[in-house]
Amino acid sequence: MDKTNRKPLIAGNWKMNKLASEALGFWSQLRQALKLTPEVEGALCVPFPLIPAMQAARGDCPIRIGAQDVSSHEAGAYTGEVSAAMLADLGVAYGIVGHSERRTYHGETDALVNQKLLALLRADITPILCVGESLEQRDGGQTLDFVESQVRNGLKDVPEAERSRVIVAYEPIWAIGTGRTATAEQAQEVCGHIRAVLGELFGAETARHIRVLYGGSMNGKNAASLLAKPDIDGGLIGGASLKPLEFADIIGAANEG
Ligand code: PGA
């Protein structure tokens, strides 16, 4: 399928790693190694307390800052929560919702993930909706049905004008942080199915504009073969995004694709 409608996005997910004091060193190393052309978008999704330091340290680097979670509520008595408006106020461009670690360790349901995604859109932040099956589900042949239900439920009630900006990240749980990457063929099969579902939900024309990322042990070595697939429009990178040179390598692979 023609990918010209979609600019590849390489988004790092730092998870609960690094301190604000490390931001400056990270950027200076990344900046030296980075070759980011206007044809590729880059982002780093960092823990909330690191956002101001990352914004300050990045200077004119075109890589934008994202968050890893958001409250589904607008404002008020929700101790410990961070609203989408607060993130927008800090210049956050992207927000991850529905990461499998939040679904597993924090009991997040599809309905809650959907509310978070809508909250981000109201604040003009681009959501990255994560979906993906467990090893048990894959072995049981349930992958496509399960991922489809996560996509359908996660994208409920997205206003028509916002549909093409939504991003979906396919992250098989068995590939996250395990070093066991899905093969490019396995990843393409599911990403292609996600695009077909997006076509049913929003129409084929809109689906052609929506970026579908792959995530799960993506690194400088395997990125090129994954990114070459017709329905893989970038990556959500955990461990490898903590290392500036490796992250720069992945962005380099996207530049060449
Ligand atoms: P990983 O994590 O690249 O370390 O496997 C990906 C993710 O969880 O987003």
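The values are calculated or read from the model by the stated rules, or taken from the named source; none is laboratory data. Not measured: the values here are computed from a predicted model. Glycine also receives a Cβ, built like all others from the backbone with ideal geometry; neighbour counts cover every protein chain displayed. Please note that ligands, DNA and RNA were not included when accessible areas were found on the heavy atoms of the full protein model with its side chains. Shrake-Rupley method; radii C 1.70, N 1.55, O 1.52, S 1.80 Å.
In table form, for the structure just shown:
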| quantity | calculated |
| --- | --- |
| Spatial extent of region 5-47: Rg and Dmax, with the Cα atoms as the point set, Å | 12.1, 38 |
| Principal semi-axes in Å for region 1-126 [√(5λ), Cα gyration tensor, largest first] | 25, 19, 14 |
| Region 89-161 - percent of accessible surface contributed by carbon and sulfur, probe 1.4 Å | 47 percent |
| Within region 123-240: Cβ-based charge dipole about Cα centre, in debye rounded to nearest 20 (Lys, Arg +1; Asp, Glu -1) | 340 debye |
| Of all accessible heavy-atom area on region 185-246, the percent that carbon and sulfur account for (1.4 Å) | 54 percent |
| Computed Kirkwood radius, in angstrom, where 1/r is averaged over Cα pairs of region 40-79 | 11.7 Å |
| Percent antiparallel among DSSP beta bridges (both partners in the chain, rounded to 5) | 0 percent |
| Convex hull (Cα only) mean projected area of the chain, reported in nm² to one decimal | 12.6 nm² |
| Globularity ratio of region 169-257, using Cα Rg and 2.2 N^0.38 Å | 1.07 |
| Gap separating the Cα centres of region 211-247 and region 43-106, nearest whole Å | 21 Å |
| Mean accessible surface per residue for region 115-257, computed with a 1.4 Å probe while every protein chain stays in place, in Å² | 39 Å² |
| Quotient of C-alpha Rg and 2.2 N^0.38 Å, computed over region 92-137 | 1.20 |
| Region 40-81, accessible area per residue, ligands and nucleic acids excluded (1.4 Å, Å²) | 44 Å² |
| With every protein chain in place, region 40-82: carbon and sulfur % of accessible area (1.4 Å) | 54 percent |
| Principal axes of region 94-221: Cα extent on each, largest first, Å | 37, 32, 31 |
